[in-house]
Amino acid sequence: FFFFYSLQDQFDNLEKHTQWGIDVLEKYIKFVKERTEIELSYAKQLRNLSKKYQPKKNSKEEEEYRYTSTRAFLATLNEMNDYAGQHEVISENMTSLITGELTRYVQELKQERKSHFHDGRKAQQHIETCWKQLEASKRRFERDCKEADRAQQYFEKMDADINVTKADVEKARQQAQLRHQMAEDSKAEYSSTLQKFNSEQHEHYYTHIPNIFQKIQEMEERRIVRIGESMKTFAEVDRQVIPIIGKCLDEITKAAESVDHKNDSQMVIEAFKSGFEPPGDIDFEDFTQPMKRTVSESSLSNSRGDGKSEPKFGSKSKGKLWPFIKKNKLMSLLTSPHQPPPPPPASASPSAVPNGPPSPKQQKEPLSHRFNEFMTSKPKIHCFRSLKRGGAGPEDFSNLPPEQRRKKLQQKVDELNKDIQKEMDQRDALTKMKDVYIKNPQMGDAASVDHRLAELGQNIEKLRLEVQKFEGWLAEVEGRLPVRNEQPRRQSGVYETQNPSAVNSCAQDRESPDGSYTEEQSQETEMKVPATDFDDEFDDEEPLPTIGTCKALYTFEGQNEGTISVAEGEMLYVIEEDKGDGWTRIRRNEDEEGYVPTSYVEVYLDKNAKGA
C-alpha cells in the first residue's frame, strides 16, 4: 500500500515539472513576440525618420540635393530605409520560425502531456482496484476460516455433551462441514486473486509505469531540445541579416567618401555668380566750385557733350547713368520737389485760397545726389509695383543678374527643345500609324489622325517660335557678358554699332512686361553706348504708363520746377504714386506732367491700366 502512494507522489512531481517546462516555453514565446514588436517599432521609427528628412518634391529642398554632401545625406537616408527593412525581416522570420512554430508545438505538447498522465492515472487506478479486490478476498477467506473454526468447536462441544440429542449433534456437524467448505472456497478464491494481483502488480511496475515514465521523459527532452533549437534560430535570424546591414553601412561609408568639397564650392560659385564686373574707380568731386542751381535739358546736353573721355560706369560723374535711364524718369527725378508738400487749404472753396497753397521752394541738390537717390529708390519702386500689379517675374528674366539670366534662358531653351522633340516623336509615330492605315485600311481610318497631326504641327511651330525668342534673348545676354579669359576692365566704347536695336533694347530692359521697372545694374554695367547717341535715346523714350486717375480737390499753382498746376475738379492721370514724401506725379497730356501734393488730389488706382 505504501508503494501505491509513493508512486502517486512521483506522478504529482512529474506533473508539476512538466507544467513548469511548458510555462518556460510559453515565457520564451512571449519574449520572442516582444522582440519582434520591438524590431517592427524600430523599423517603423527608422522609416519615419528617413521619410521626415527626405526632400519634398517640387520644393527648394530638392534643389539643395545637387551637392555631394547633401547627396551623401540622401544616400544615408535611403540606406537607413533599407536598414529598417532588415529589421522588419528579423521580425518576420522570428514570427514565422520561432513564435508560430513554438505556439503550435506547445499545443501539441499539452495534448501529449495530458495523454501520458491520463494513462498513468488509469494504470494507477487499475492496480489500486486489483489491490482492493485482493484485500476483499483475503478478508473473506479470513472470516470464513474463523467461522469454520467456530463451527468445528461448536460441533465438538455438542458431540461431547450427553444431554444433547443426536439430531442436534448432526446438525452441528453439518454446519461445521459447511463452514469448512466455505473456508476452502474462500481460500481458493483468495489464492487465485492473489496470483492475479501479483501478475498485475508486476506488469504495472515493470511495464506500464516505466513505459509511461519513458514517454514523459521523451516528451520533456523534446521540449528542451526544441527550446534550444529556437534559441539557435533566434541567433541565426539576426546573423542572416548582418551581411545586408553591413552592405548598407558600406554604402553609407561610400557615400560619405564621395563628398567633394571642391565640387560643392564650384557648384555654389556657378549657381550664384552674377556676371558683374568689379566697379571702377570713383571720380573725385570737387565741391569747392559752386554748382548750378537749375538743371535743364540744355545743361544735360552740354554735360553730355563735355564728356571727352570715356568714363567708367562705376563712377558718380554726371553723364554715366543717362544712357540707361528713361528720359522722363531722369528729368522728373532731377526736378522733383525735395521738400514737404503744403498742407491742403482749410476750406474747399477756391476763394479761401485765391492763389492756392504756396509752392514748395526749390531746393537744388548736387546732381550726384539725385543719381544716388534714384539708384537707391529704384528697387523699392520695382518691388512696390510688382506687388501692386500682381505680376510675376518678366518672361525674359530681365530682373536677374546677367549670369543667372543666361542660365535661366538656357534652361528655358533646353526645356523647349525637349518639348519640341517630344512633339516630333509623337508626329513621327502618328505618321507611321497613318502609313500603316493607308496600306491596311481594315486596321483603321487614315484620316482619323490628320487632325492630331495638324495640332502637333501647330504646337511644334509655336514651340520653335518660343525657342527663337528665348535664343534671341540668350544671344543678347551672352553678348553683354564679359569675356572670361580677359582682364576685367571698364571702358566706354561702341557696343554692337552694326545693330542699332541694341541701344533701345538696353533701355527697354529697364521696364518689365507688367509695366514696372527693374534695376538691372549688371546689364547696364556691360552696355557700351557712344555719348553722341544719348539724345536720340532720350527722344525715343516712351512716357511712363498710367496706373490710375485722380481728381483735383483744390486748385494748386505749380510754381517750382517739377510741379504742375491743376484746377479744382480737374481729372488727370496718375503715373507715379506717393512714395512717402507727400507728392504724387500726374500727367495732363503727353507734354504736361509733374508733381502735385498728394493731399490735393483724390487718387483712383487702376491695376489694368497700362498706358495713357
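The values are calculated or read from the model by the stated rules, or taken from the named source; none is laboratory data. All values reported here derive from a predicted model rather than from experimental measurement. Cβ atoms come from the backbone with ideal geometry, glycine included; neighbour counts cover every protein chain shown. Heavy atoms of the whole protein, side chains included, go into the accessibility calculation; ligands, DNA and RNA do not. Shrake-Rupley method; radii C 1.70, N 1.55, O 1.52, S 1.80 Å.
Amide H contacts for THR584 (H built 1.01 Å from N in the peptide plane; partners 5 or more residues away or on another chain; cut-off under 5 Å): VAL596, THR598.
For the full complex of protein chains and a 1.4 angstrom probe, list GLU101, GLU277 by accessible area with the highest value first. Present the calculation step by step, with values, prior to reporting the outcome.
Values: GLU101 70, GLU277 30 Å².
From most exposed to least exposed: GLU101, GLU277.
Each Lys or Arg adds one and each Asp or Glu takes one away; over the other residues whose Cβ falls under 12 Å from the Cβ of GLY228, this sums to +2.
For the range 91-240, lysine pairs with C-alpha atoms less than 17 angstrom apart, excluding pairs fewer than eight positions apart on the same chain, total 15.
A 1.4 Å probe, protein heavy atoms only, puts the accessible area of LEU14 near 60 Å². Heavy-atom accessible area for SER565, with the other protein chains in place and a 1.4 Å probe, reaches approximately 40 Å². The reciprocal of the average 1/r between distinct C-alpha atoms defines the Kirkwood hydrodynamic radius, which for the range 148-281 equals 26.7 Å. When nucleic acids and ligands are ignored and a 1.4 Å probe is applied, LYS422 ends up with an accessible area of around 120 Å².
Can you pick out the pairs among LYS57/LYS407; LYS56/LYS412; LYS44/LYS418; LYS44/LYS412; LYS27/LYS51 whose Cα atoms lie more than 31 Å from each other?
Details: LYS57/LYS407 22 Å; LYS56/LYS412 23 Å; LYS44/LYS418 41 Å; LYS44/LYS412 42 Å; LYS27/LYS51 36 Å.
Table pairs above 31 Å Cα-Cα are LYS44/LYS418; LYS44/LYS412; LYS27/LYS51.
Full extension of the segment from TYR53 to GLN107, taken as 0.36 nm per residue of separation minus the current Cα-Cα distance, would add 14.8 nm. Centre-to-centre separation between the Cα atoms of the range 201-257 and those of the range 137-151: 65 Å.
Largest accessible area first, the residues GLU34, GLU147 order themselves as GLU34, GLU147 under a 1.4 Å probe with ligands, DNA and RNA left out.
Compute the FRET efficiency between TYR604 and GLU557 as 1/(1 + (r/R0)^6), taking r as their Cβ-Cβ distance and R0 = 25 Å, and round to the nearest 0.05.
Details: r = 24 Å, r/R0 = 0.95.
Computed FRET efficiency for TYR604 and GLU557: 0.60.
I want the local charge near ASP144. Using Cβ-Cβ distances under 14 Å, sum +1 for each Lys or Arg and -1 for each Asp or Glu among the other residues. Net charge in that neighbourhood comes out at +2.
Order ILE438, ILE227, most accessible first, counting only protein heavy atoms with a 1.4 angstrom probe. Before the final figure, lay out the partial values.
Values: ILE438 100, ILE227 20 Å².
Largest to smallest exposure gives the sequence ILE438, ILE227.
Near the amide H of GLY548, within less than 5 Å, lie the amide hydrogens of VAL574, ASP606, all on another chain or at least 5 residues away, with H placed in the peptide plane. Positive contributions from Lys and Arg (+1) and negative ones from Asp and Glu (-1), summed over other residues with Cβ under 10 Å from the Cβ of SER50, come out at +1. Put simply, the amide H of TYR554, placed in the peptide plane, has neighbours under 5 Å in GLY569, leaving out anything fewer than 5 places away on its chain.
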